[in-house]
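Heads up: the structure comes next, in C-alpha cells.
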Amino acid sequence: MNLARQIEQYLPRQLLELVKDISGQAAKQGKRVYLVGGVVRDLLLGYPNFDLDLVVEGDAVKLAQRVAETSRAKLLAHHRFGTAKLRYENFTLDLATARKETYAKPGALPTVTPGTLKDDLVRRDFSINAMAISLAANDYGELVDPYQGKSDLEHRLIRVLHTGSFSDDATRILRAVRYEQRFGFEFEAQTAQLLKRDLPTLDTISGDRIRHELELIFKEKQPEFVINRLGELGVLPIISPFLKGDGWIAEKFDRARRLKKPTQLPSLYFCLLIYSFSKTGIEQFLARLNISAKLSRAMRDTLRLKTNLPLLDRPSLKPSEIYYLLREYEPLAIQVNAIASDSSMVHHHLQLFLTELRYVRTSLNGEELKRLGISAGPEMGQVLQVLHKAKLDGEVRTKADEKKLALSLKALDFHTDPEPPVE
Ligand code: CTP
C-alpha cells in the first residue's frame, strides 16, 4: 500500500519539505529513513498528528548533525541512545537509530543495540503503533506493516506483538487502556488475557514512569473514561489502594474542563483523583509517584481545605472572613474544592476568593501612611490590616476613604486584635 497521497495531504507543507530534505541527506549517506509509530497510525485513521518520529537505518545522530549543518535546525543529540531532536522554528522532529531491544528483567530499562527497521518495529507496544512509511525516493510512501497493524486498525483492535510485551514494560498496560478509550477500540482476546496476567508487574515500574503515563492520560480529551476503565480492569488499586474510577470522578473531571485552561487541567485532575484519600493514603501516593513538591503542596492543601469546608458553608460570612479562611491555601487547592463541593454556598465563597478577594489591595501604601504620621513597625502593620479588611468588606472604597480611616485609627492610638486563626 502506498500512502504518498495521504502524507502530502495531511502534513503541513513546511514539515513535509523538512522531512524530504532529511530523507535526501540520508540517501547521500546511504541510509534509509522512515516515518514510524503514532503518525503512521493517525495517517491511516485520518487524524492530524504533527508529532513526527523518524527511524533511520543507520546512525541517526550523524544524519541529524549533517541536517543541522545545512539548515537552521537546532540539534539535541543523545549519542548513547542513538537519538536526536531537530528543533525548527515551528516544529521538532525526533530521529532515532533503528534498534533492537532486550529486557533483562520486568520493569528494567531495555538493553539497546543497532538493528533493522523490522527489529525496531517488533520492539514496540502494539501492532497499530508498529508500522512505518518509507521516505526514500525509490519507494516513497510505501507502508511497512510486518505485524498486521493496518488490519488491526480496521478491526479496531489493540494487540501486543508478543506474549512478553506487558511484562517487559508494564507501562504498556496504561498505554493500552489509553488507546482503547481514545479510539473506542477493543483488546484482542489474547492481549486482554496477557494484560490481566501481567497486572502485578506494574509494581516493577518506577514512580516517575507511572506518573508520566498518568500525565499522558490527563492530556486525553476525556481522561475520566481511561480512569474508569483502569478501575474496571483492576489497575488502579495496584497504583494505590485508595484510587477509584467512578461516576464522581467522571462528573468532576468534566466540570474541571469547563472551568480551566488546558495547561492547568492535569494538576486539577491529579487533585481530584485523590479527593477521597485519607492523610496516609495521600502520603503513600505522593511517595509512590514521586510527585513534585509544588503539586504535593496543592494536593495536601486540597485535603486540608476539604475538612474545613463546613466553615465556608455559612451565609453570614463577610468577605474579609472568607479571605482569612482561605488565604493560606494554594489557589489550585481552592479551585479543586470549588469543583468538588456540592454546596452552592461553598462554591460561591471559594470562587469569590479566587476571582476577587485574593487580589484586593489597599490603595495607601507604607510611604503614604508615614506621611500621615503613622510610624513604620507594628502600628503600621495593624493599620494596613484594618484598611485591607475594610476594603474587602466594602467599608472603604476610595483612597480618600482609606485616608480618613487611617487618620481616625491614628487618633484613637489604635490597636487591632491579632489576626483570626486560619483553621
Ligand atoms: N512505544 C512503545 N512502548 C512504550 C512507549 C512507546 O513501543 N512503552 C513506541 C510506540 O511504537 C509508539 C512510539 O514508541 O508509537 C512513540 O511513543 P509515543 O510518542 O509515546 O506515542 P505515539 O505513538 O506518538 O502516540 P500518542 O502520542 O498518540 O499517544
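Throughout, read-outs are computed from the coordinates displayed, never taken from laboratory work. None of the values given here were measured: they were computed from a predicted structure. Glycine gets a Cβ as well: all are built from the backbone with ideal geometry, and neighbour counts include every protein chain shown.
Sequence-distant or interchain residues sharing an amide H contact under 5 Å with ASP53, placed H: which? The list, which skips near neighbours in sequence, is VAL36, VAL39.
Tell me, in nm to one decimal, what length is gained between ARG5 and ASN138 on full extension, where the rule is 0.36 nm per residue of separation less the Cα-Cα distance? Let's see the in-between values first.
Working: separation 133, 0.36 × 133 = 47.88 nm, distance 1.54 nm.
Gain on stretching ARG5 to ASN138: 46.3 nm.
Karplus-based coupling profile of segment 321-336, in residue order and whole Hz: 5, 4, 4, 5, 6, 10, 5, 7, 8, 4, x, 4, 5, 5, 4, 4, with θ = phi - 60° in 6.51 cos²θ - 1.76 cosθ + 1.60 and x standing for Gly or Pro. In whole angstrom, note down how far apart the Cα centers of segment 162-214 and segment 20-86 are. Between the Cα centre of segment 162-214 and that of segment 20-86, the gap is 28 Å.
Using R0 = 22 Å, the C-beta based FRET efficiency linking ASP246 and LYS221 works out to 0.65. Under a point spin-label approximation (7 Å from Cα along Cα-to-Cβ), what is the ALA108-SER206 distance to one decimal in nm? Distance between the two pseudo-spin positions: 1.5 nm.
Packing, taken as the mean count of other beta carbons within 10 Å per residue, orders the peptides 370-382, 125-137, 28-40, 62-74 from highest to lowest as 125-137, 28-40, 62-74, 370-382.
Given their separation in residues at 0.36 nm each and the Cα-Cα distance between them, ARG255 and SER316 gain 19.2 nm when the chain is fully extended. Placing R0 at 30 angstrom, the Cβ-Cβ distance between TYR88 and GLN190 gives a FRET efficiency of 0.10 after rounding to 0.05.
Given N residues in segment 4-92, what is its alpha carbon radius of gyration divided by 2.2 N^0.38 Å?
Taking the Cα Rg and dividing by 2.2 N^0.38 Å, one obtains 1.06.
Label positions at HIS348 and ALA287, each projected 7 Å from the Cα along the C-beta direction, are separated by 4.3 nm. Between LEU309 and ARG156, the simple label model (points 7 Å from Cα in the Cβ direction) yields a spacing of 3.7 nm.
Computed over the alpha-carbon atoms, the chain gives an Rg to Rh ratio of 1.12, Rh here being the Kirkwood radius from the mean inverse distance. What is the helix-to-structure angle for 60-70, meaning the angle in degrees between its Cα long axis and the longest Cα principal axis of the chain, kept from 0 to 90 and rounded to the nearest 10? Between helix and principal axis, roughly 70 degrees. Could you give the angle, 0 to 90 degrees to the nearest 10, between helix 293-308's Cα long axis and the longest principal axis of the Cα atoms of the chain? So the helix axis and the longest Cα principal axis differ by about 50 degrees.
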